[in-house]
Amino acid sequence: MKWGQKKSFTDAVVCAKCMIHTLFIYMWIVLTTIFFGIIAIVVSVFETSGNMSHKVARAWSISCLLVSLIKVRVDGLWNIKPDCSYIYMANHQSNYDIYVLLGYLPVQFRWLAKAMLFKIPIFGRAMRGAGYISIDRANRSLAIQSLKKAAETIRKGTSVVIFPEGTRSPDGRILPFKKGGFYLALDSGVPIVPVIIHGTRDIMAKNRLLIKPGNVLVEVMKPVKTSGYTLETRYELMNKIQNIMREAVEKKTE
């Protein structure tokens, strides 16, 4: 067998192993979603805060990351105070961003997530039990109600996490931001914490089913105060957050 043939054979073996591992991960995610989802639903019956259900979701996420052979490092936690409320705004490159933030952002928070996720059996019910907030962008009045509910959650002392791009970036670059998160920031009056996730796109990019092991870095940036902004100057705030996140992403890829 020639060198080129050996290389092709080796690549084929590696690809086959990756496919088998990916199938195992999908099976694990389905089974553990049912298992932890039922636990979260039961727990939510006995406590109304959603804190325990969120801890169950954290355990589920960590298990999925471990099975996927993904290591996560978090830098910048010294920039935040655990007892303060924030709006965490993270870049979005992969479905694995959800597992990474749930598993390794060590604060109580609630997702502001697409309404379609809440329609998934068991998973959606567990999300409601944890107090996560559905936002329907197709219905303006319902979206406004969701933002008001999120603002109320923040005022009660719990942080919210959103992906301001609204969808996963296909190439890793920061996409244009949606306005909803910034209305929420101005309404609640709490600081915005930019969160930069590096590495998840290499693990599972948008429109790709194959999952690869890898390392992820999460950068928690300094909070940006929103008290000096108004509805008239919201675009200045939006541009400021977008520039912070874009610079962090581009610096890492240089």
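Throughout, read-outs are computed from the coordinates displayed, never taken from laboratory work. In this text, all values refer to a predicted model and were calculated from it rather than measured experimentally. Neighbour counts are summed over all protein chains in view; Cβ atoms, including those assigned to glycine, are modelled from backbone coordinates with ideal geometry.
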- Label point at N95 placed 7 Å out along Cα→Cβ; residues across the range 192-213 whose backbone nitrogen lies under 17 Å: 200-213
- Note on the structure: Any aspartates and glutamates whose Cα falls less than 14 Å from that of K71, other than same-chain ones fewer than 8 residues away, would be D97, D202
- Task: Would you mind telling me which residue in M89, M116, M221 has the biggest mean-square fluctuation in a Gaussian network model of the chain, where springs connect alpha carbons within a distance under 10 angstrom?
- Result: M116
- Task: Please go through the residue pairs K81/K225; K149/K222; K55/K212; K81/K179; K149/K225 and name each one whose alpha carbons sit more than 24 Å apart in this structure.
- Result: K149/K222; K55/K212; K81/K179
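Quick one, could you list the DSSP H helices from the chain stretching 20 Å or more along their long axis (Cα atoms) with average Kyte-Doolittle hydropathy of 1.0 or above? Let's see the in-between values first.
Numbers: long enough: 3-46 (63 Å, 1.42); 51-67 (24 Å, 0.59); 140-155 (23 Å, -0.26); 234-253 (29 Å, -1.05).
Those that clear 20 Å and a mean of 1.0 are 3-46.
If you restrict to DSSP beta bridges whose two residues both lie in the range 3-253, what percentage is antiparallel, to the nearest 5?
Details: 5 of 24 bridges.
Of all bridge pairs located within the range 3-253, approximately 20 percent are antiparallel.
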- Query: For G214, what charge total do you get from the other residues with a beta carbon under 11 Å from its beta carbon, if Lys and Arg give +1 and Asp and Glu give -1?
  - Reply: +2
- Message: Taking 0.36 nm per residue of sequence separation and subtracting the Cα-Cα distance, how much length would be gained by fully extending the chain between L66 and K114, in nm to one decimal?
- Response: 14.7 nm
- Item | FRET E, pair N79, N239, Förster distance 25 Å, beta-carbon r, rounded to 0.05 | 0.75
- Message: Whole angstrom only: what separates the Cα centroid of the range 124-197 from the Cα centroid of the range 34-50?
- Response: 22 Å
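Please compute the volume of the convex hull spanned by the alpha-carbon atoms of the range 3-253 and report it per residue in Å³.
Details: hull volume 32.4 nm³, N = 251.
Per residue, the Cα convex hull of the range 3-253 comes to 129 Å³.
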- Query: What spacing in nm lies between the two simple spin-label points modelled at S227 and R246, each 7 Å away from Cα in the Cβ direction?
  - Reply: 2.9 nm
- Could you work out which residue, out of V220, V30, V195, moves most in a Gaussian network model of the chain, that is, has the largest mean-square fluctuation with Cα springs under 10 Å? V30
